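The values are calculated or read from the model by the stated rules, or taken from the named source; none is laboratory data. Quantities reported herein were computed from a predicted structural model and do not represent experimental measurements. Heads up, the Cβs are rebuilt from the backbone with ideal geometry, glycines too, and the neighbour counts pull from every protein chain shown. Only protein heavy atoms, including side chains, enter the accessible area calculation; ligands, DNA and RNA are left aside. Shrake-Rupley method; radii C 1.70, N 1.55, O 1.52, S 1.80 Å.
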Amino acid sequence: MNENIYRGTPVYTTVCALCLDYDRRAKVLEERSEGIDTLLTYQYLNEAIDRGIASVCEEGIRVAMREDIGNHVGLSRTEIYYISDGTYKVRKRKSIEAIAKELHLI
(Lines give C-alpha, C1' and ligand atoms only; values in the text may rest on other atoms or scores of the structure.)
Protein backbone atom coordinates (compact mmCIF):
# COMPACT_ATOMS: atom_id res chain seq x y z
CA MET A 1 0.00 0.00 0.00
CA ASN A 2 1.20 3.46 -0.84
CA GLU A 3 2.42 5.32 2.25
CA ASN A 4 0.27 8.32 1.28
CA ILE A 5 -3.01 6.53 1.91
CA TYR A 6 -2.74 5.21 5.43
CA ARG A 7 -5.60 6.13 7.75
CA GLY A 8 -5.29 9.72 8.91
CA THR A 9 -3.13 10.95 6.04
CA PRO A 10 -4.40 13.82 3.89
CA VAL A 11 -4.90 11.60 0.82
CA TYR A 12 -6.84 9.00 2.82
CA THR A 13 -8.98 11.72 4.41
CA THR A 14 -9.64 13.32 1.01
CA VAL A 15 -10.73 10.04 -0.58
CA CYS A 16 -13.05 9.28 2.35
CA ALA A 17 -14.59 12.77 2.23
CA LEU A 18 -15.17 12.56 -1.52
CA CYS A 19 -16.83 9.15 -1.14
CA LEU A 20 -19.03 10.54 1.65
CA ASP A 21 -20.18 13.40 -0.61
CA TYR A 22 -20.81 11.16 -3.66
CA ASP A 23 -24.60 10.96 -3.29
CA ARG A 24 -25.02 14.73 -2.89
CA ARG A 25 -23.03 15.32 -6.07
CA ALA A 26 -25.05 12.64 -7.89
CA LYS A 27 -28.29 14.39 -6.88
CA VAL A 28 -27.00 17.76 -8.11
CA LEU A 29 -25.96 16.11 -11.39
CA GLU A 30 -29.40 14.55 -11.79
CA GLU A 31 -31.20 17.82 -11.04
CA ARG A 32 -28.73 19.94 -13.02
CA SER A 33 -29.13 22.53 -10.29
CA GLU A 34 -25.66 24.09 -10.61
CA GLY A 35 -23.60 25.74 -13.31
CA ILE A 36 -21.77 23.81 -16.00
CA ASP A 37 -18.35 24.11 -14.33
CA THR A 38 -19.69 22.65 -11.09
CA LEU A 39 -21.52 19.88 -12.93
CA LEU A 40 -18.41 18.92 -14.88
CA THR A 41 -16.35 18.83 -11.69
CA TYR A 42 -18.94 16.70 -9.90
CA GLN A 43 -19.13 14.35 -12.86
CA TYR A 44 -15.34 14.01 -12.95
CA LEU A 45 -15.15 13.26 -9.22
CA ASN A 46 -17.95 10.68 -9.20
CA GLU A 47 -16.67 8.95 -12.32
CA ALA A 48 -13.15 8.74 -10.87
CA ILE A 49 -14.55 7.15 -7.71
CA ASP A 50 -16.60 4.71 -9.79
CA ARG A 51 -13.60 3.74 -11.93
CA GLY A 52 -11.38 3.25 -8.90
CA ILE A 53 -13.81 0.99 -7.08
CA ALA A 54 -14.72 -0.87 -10.29
CA SER A 55 -11.06 -1.75 -10.80
CA VAL A 56 -11.05 -3.60 -7.47
CA CYS A 57 -14.61 -4.72 -6.62
CA GLU A 58 -17.28 -6.63 -8.45
CA GLU A 59 -20.47 -4.77 -9.25
CA GLY A 60 -22.51 -6.20 -6.38
CA ILE A 61 -20.37 -4.64 -3.64
CA ARG A 62 -19.27 -1.34 -5.21
CA VAL A 63 -21.92 0.94 -3.69
CA ALA A 64 -21.53 -0.60 -0.23
CA MET A 65 -17.73 -0.32 -0.46
CA ARG A 66 -17.98 3.35 -1.45
CA GLU A 67 -20.34 3.99 1.45
CA ASP A 68 -18.06 2.11 3.87
CA ILE A 69 -15.11 4.22 2.77
CA GLY A 70 -17.05 7.48 3.09
CA ASN A 71 -18.63 6.64 6.44
CA HIS A 72 -15.49 5.06 7.93
CA VAL A 73 -17.37 1.79 8.34
CA GLY A 74 -15.17 -1.15 9.12
CA LEU A 75 -15.49 -4.86 9.10
CA SER A 76 -17.70 -5.03 12.18
CA ARG A 77 -20.46 -2.84 10.66
CA THR A 78 -20.27 -3.38 6.91
CA GLU A 79 -23.22 -4.54 4.82
CA ILE A 80 -20.73 -6.70 2.92
CA TYR A 81 -20.76 -9.26 5.73
CA TYR A 82 -20.72 -12.20 3.34
CA ILE A 83 -17.12 -11.82 2.19
CA SER A 84 -14.22 -12.93 4.33
CA ASP A 85 -12.48 -10.55 6.72
CA GLY A 86 -9.24 -10.62 4.77
CA THR A 87 -10.94 -10.10 1.42
CA TYR A 88 -12.93 -7.13 2.75
CA LYS A 89 -9.87 -5.42 4.21
CA VAL A 90 -7.78 -5.92 1.07
CA ARG A 91 -10.52 -4.69 -1.27
CA LYS A 92 -11.24 -1.66 0.86
CA ARG A 93 -7.56 -0.70 1.05
CA LYS A 94 -7.07 -1.28 -2.68
CA SER A 95 -10.25 0.65 -3.50
CA ILE A 96 -9.00 3.68 -1.57
CA GLU A 97 -5.67 3.48 -3.37
CA ALA A 98 -7.34 3.07 -6.78
CA ILE A 99 -9.61 6.06 -6.16
CA ALA A 100 -6.61 8.16 -5.11
CA LYS A 101 -4.83 7.17 -8.34
CA GLU A 102 -7.88 7.97 -10.48
CA LEU A 103 -8.05 11.39 -8.82
CA HIS A 104 -4.31 11.89 -9.40
CA LEU A 105 -3.70 12.31 -5.67
CA ILE A 106 -0.88 9.74 -5.72
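Figures for the structure shown
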{"read-out": "Compactness index (Cα Rg / 2.2 N^0.38 Å), the chain", "value": "1.06"}
{"read-out": "For the stretch 51-98, fraction of C-alpha pairs farther apart than 17 Å, in %", "value": "18"}
{"read-out": "Computed magnitude of the charge dipole of the chain (debye, nearest 20; Cβ of K, R +1, Cβ of D, E -1)", "value": "340"}
{"read-out": "Per residue, the convex hull volume that the Cα atoms of the stretch 3-44 enclose (Å³)", "value": "65"}
{"read-out": "Rel. contact order, % - alpha carbon contacts under 8 angstrom, at least six apart, the chain", "value": "38"}
{"read-out": "Fraction of accessible area attributable to carbon and sulfur, the chain (%, probe 1.4 Å)", "value": "50"}
{"read-out": "Solvent-accessible heavy-atom area per residue, rounded to whole Å², over the stretch 53-106 at 1.4 Å", "value": "56"}
{"read-out": "Nitroxide proxy distance, nm - points 7 Å out along Cα→Cβ at Ala54 and Leu29", "value": "1.1"}
